[in-house]
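Read the structure below first, then the notes.
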Amino acid sequence: MKKNNPTKHPMNESTQEFLKELTLILGQRYVITDEIDQASYLTDWRKKYTGLALAVVLPKSTQQVSDIVKICQKYQISMVPQGGNTSMVGGAVPNQSGQQILISLKLMNRIIELDQANQTMTVEGGCILQVAQEMAQSKGFLFPLSLGSEGSCTLGGNLATNAGGTNVLRYGNAREQCLGLEVVNAQGQVINSLRSLRKDNTGYDLRHLFIGSEGTLGIITQAIFKLFPLPKTQWTALVSLDSIPKAIELLRICQQMGSGLLSGFEMMTRESLSLIELHFKQFKNPMAGDPNLIVLIELSDQESEAHARQIFENILEHALESNTITDAIVAENLTQVNHFWQMRDHITLAQAMEGGNIKHDITLPLSSMTHFITQTDAMLKKEFPGLRVINFGHLGDGNLHYNMSPPIGADFSEFVNNYESRISEIVYAQVDKYKGSISAEHGIGQSKAGVLKAHRGEQAYETMLSIKKALDPHNLMNPDRVVLVG
Ligand code: FAD
Ligand code: MLT
Ligand code: ZN
């Protein structure tokens, strides 16, 4: 755990001039310097990192973002962009120097256009994901990006982290859903790549450079997303299984028999479900017999309800007959569908209520998943008796949230201070052994910046550093996140 008691230093003349210039551009109200008013911006969602800021600034337009960045360049002040502050890797809060500013996009939250003919939506970077989903739905479209944090995360943040979530299987991650971007670069210039084209091979695709760059190369001020037809019908079920190999077999069955309709495949272990039950009584595990695993399956269809139901029933029948699954509960109405999904989404909250956890957001080839889990579970439990492995996630994408809770009764902070790095070392060595990734969807932020080089390889890391140095030569855009300069 990081030390959480930073203190502010007195301001010099140059800093006072800097704040004056910001105030001139934004107005007093939008340059927050009072520590109490700043507080909610300075601690991350997991309450793992707390920083300090010279100011929290709230621009209302791309022009203002550009002006802020130019002023920061003039005074050589570094900047931390923030959207909904739901980062799982401490990417959106400043460091403890008190010499950075935090740029919150929360007032740049408009939906600018929904183009029905082109099936696209243009939004500002601070637009809340759920607001975009609801707008799309009201016009008969699907905005498929979907995460547990959708009520507060922003589309700029989603692109900056290349967010994944529960619909990646069918619609891809944030990167795949984005057609165009407007970005303010580290010099304060506006790069307008707001193109709503499905094909566009005009040189390097700058959009992909900024997506997933976690605010280290520029600030995403607007974006254009693809929309999709709203499914006519959705079928959701919880199924119980004995083991991970069975879950992988079930995925294969769903993909082979599902006619491309599979839109969700979420795995929850018994330990994850027990934790939800402990903290949220309304989410009692509905499956009989205390199964090892539960998978939430969802099929979405543009055709008739009968078409989807037939496919769904065939899958479940085959899975039961082949002993791939032991039981299934099909959601009978929308309330039950929502209940199943909420149960899944509450694992993260239950873990937070339990006192936090050591997170590993990893991907593995499905072919290695069983070996990885069996071996790594055993290694961890041998070295740390009583350690609770809370394993769940987007199994359809090979993405596990392979999180650890301390043994029951252990002091959380003490346990994390003493053992987090060793536990993560074991997990990441195993991830490397099985050719996986140490960050599937949450990004690198500050949590993993120190270990990225070791896991991405020297050459890939050096290439990333060259890009960072070329685009942000003074290292002012979210420094010490993702790649470490100098
Ligand atoms: P922030 O947390 O504010 O910022 C994240 C990073 O992006 C920071 O580095 C920040 O500097 C940068 N940034 C923010 N806005 C901009 C911008 N406009 N321009 C440039 N850089 C910017 N993530 C998943 O991928 N899948 C999940 O299923 C998922 N589930 C979650 C469930 C819960 C309950 C919570 C709390 C988080 C979950 N997350 C998940 C993590 C998080 O919600 C995502 O990373 C999300 O994309 C972050 O969006 P945000 O607006 O909150 O960004
Ligand atoms: C989720 O899928 O619920 C979040 O990404 C996971 C987490 O809490 O690690
Ligand atoms: Zn996730």
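Only the coordinates and a few stated rules stand behind these numbers; no lab work does. Bear in mind that the values here come from a model prediction, so they are computed numbers and not experimental data. Methodologically, a virtual Cβ is constructed for each residue, glycine included, from the backbone with ideal geometry; neighbour enumeration extends over all protein chains shown.
LYS74: which aspartates and glutamates have alpha carbons under 19 Å from its alpha carbon, excluding same-chain residues fewer than 8 sequence positions away?
GLU13, GLU17, GLU21, ASP472
What distance in nm lies between label points placed 7 Å from Cα along the C-beta direction at ALA288 and ASN192?
With each label point 7 Å from Cα toward Cβ, the separation is 6.5 nm.
About the Cα centre, and with charges only on the beta carbon of Lys, Arg (+1) and Asp, Glu (-1), how big is the dipole of segment 434-486? Nearest 20 debye, please.
80
So, by mean Cβ neighbours within 10 angstrom, what's the order for 29-35, 61-67, 183-189, 352-358 with the highest one leading?
Put in order of decreasing packing, that is 183-189, 61-67, 352-358, 29-35.
Return a whole-number percent for the relative contact order of segment 211-352, with Cα pairs under 8 Å and 6 or more residues apart as the contact set.
Averaging sequence separation for qualifying contacts and normalising by length gives 38 percent for segment 211-352.
With a ≥ b ≥ c taken as the square roots of the eigenvalues of the C-alpha gyration tensor of segment 117-268, please select rounded if a/c is under 1.5 and otherwise prolate if a/b is larger than b/c or oblate if it is not?
Note, shape of segment 117-268 comes out prolate.
Which aspartates and glutamates have a Cα less than 20 Å from the Cα of LYS469, not counting those fewer than 8 places away in the same chain?
Here the aspartates and glutamates satisfying the reach criterion relative to LYS469 are ASP205, GLU214, GLU458, ASP480.
Label LYS281 and LEU366 with points 7 Å out from Cα along Cα→Cβ: what is the distance between them in nm?
Placing both labels 7 Å along Cα→Cβ, they lie 4.0 nm apart.
Round to the nearest 0.05 the FRET efficiency obtained for ASP37 and GLN342 when R0 = 41 Å and r is the Cβ-Cβ distance.
0.80
Using a/c under 1.5 as the rounded threshold, could you call segment 140-215 rounded, prolate or oblate? The axes a ≥ b ≥ c are square roots of the C-alpha gyration tensor eigenvalues, and prolate needs a/b larger than b/c, oblate otherwise.
Oblate.
Grab the Cα-Cα distance for GLU176 and THR23, subtract it from 0.36 nm times how many residues apart they are, and report the gain in nm with one decimal.
Gain in length upon complete extension: 51.3 nm.
Taking every DSSP beta bridge with both residues inside segment 1-159, roughly what % is antiparallel (nearest 5)?
The antiparallel fraction comes to roughly 50 percent.
What pairs in LYS226/LYS448; LYS359/LYS448; LYS47/LYS448; LYS47/LYS359; LYS48/LYS381; LYS60/LYS199 have C-alpha atoms more than 21 Å from each other?
LYS226/LYS448; LYS48/LYS381; LYS60/LYS199
Rg (Å, one decimal) plus Dmax (Å, integer) for the alpha carbons of segment 421-486?
Final numbers for Rg and Dmax: 12.7, 37 Å.
Would you mind classifying segment 316-404 by shape? Square roots of the alpha carbon gyration tensor eigenvalues, ordered a ≥ b ≥ c; an a/c under 1.5 is rounded, otherwise it is prolate if a/b is larger than b/c and oblate if not.
In terms of gyration-tensor shape, oblate.
Near LYS382, which aspartates and glutamates are there with a Cα under 16 Å away, not counting those fewer than 8 places off in the same chain?
Counting by Cα, and skipping residues close in sequence, LYS382 has these aspartates and glutamates nearby: GLU420, GLU425.
For a quick protection proxy, order the peptides 270-276, 424-430 by their average other-Cβ count within 10 Å, most packed first.
270-276, 424-430
Test of understanding: ordering SER367, SER439 by Cβ neighbours within 10 Å, fewest first, what list do you get?
Starting with the residue having the fewest Cβ neighbours, the order is SER367, SER439.
Using only alpha carbon pairs under 8 Å that are at least six residues apart, calculate the relative contact order of segment 123-274 and give it in whole percent.
Across segment 123-274, relative contact order equals 27 percent.
Could I have the simple spin-label model distance between ASP200 and GLN63, label points 7 Å from Cα toward Cβ, reported in nm to one decimal?
2.4
Taking 35 Å as R0, compute the FRET efficiency from the Cβ-Cβ separation of GLU332 and ARG252 and round it to 0.05.
0.85
Which value, to two decimals, describes the C-alpha radius of gyration of the chain once divided by 2.2 N^0.38 Å?
This ratio for the chain stands at 1.00.
Compute the long axis of helix 62-75 from its Cα atoms, compare it with the longest principal axis of the Cα atoms of the chain, and write down the angle in degrees, 0 to 90, nearest 10.
Helix 62-75 sits at roughly 60 degrees to that axis.
Charges at C-beta only: +1 for Lys and Arg, -1 for Asp and Glu. How large is the resulting dipole of the chain about its Cα centre, in Debye rounded to 20?
Using only the charged Cβ atoms, the result is roughly 940 debye.
Compute the FRET efficiency between SER322 and GLU271 as 1/(1 + (r/R0)^6), taking r as their Cβ-Cβ distance and R0 = 35 Å, and round to the nearest 0.05.
Working from the Cβ atoms, E equals 0.85.
Only Lys, Arg, Asp and Glu count, each charged at its Cβ (+1, +1, -1, -1), so figure out the dipole size of segment 17-58 about its Cα centre, rounded to 20 debye.
Charge dipole, segment 17-58, about its Cα centre: 240 debye, nearest 20.
Give the share of C-alpha pairs in each 10 angstrom bin for segment 171-231, from 0 to the last occupied bin, in whole percents, shortest bins first.
Reading upward from the zero bin: 22, 54, 20, 4, 0.
Express in nm, to one decimal, how much length is gained between HIS307 and GLN16 on full extension, taking 0.36 nm for each residue of separation and deducting their alpha carbon distance.
98.1 nm
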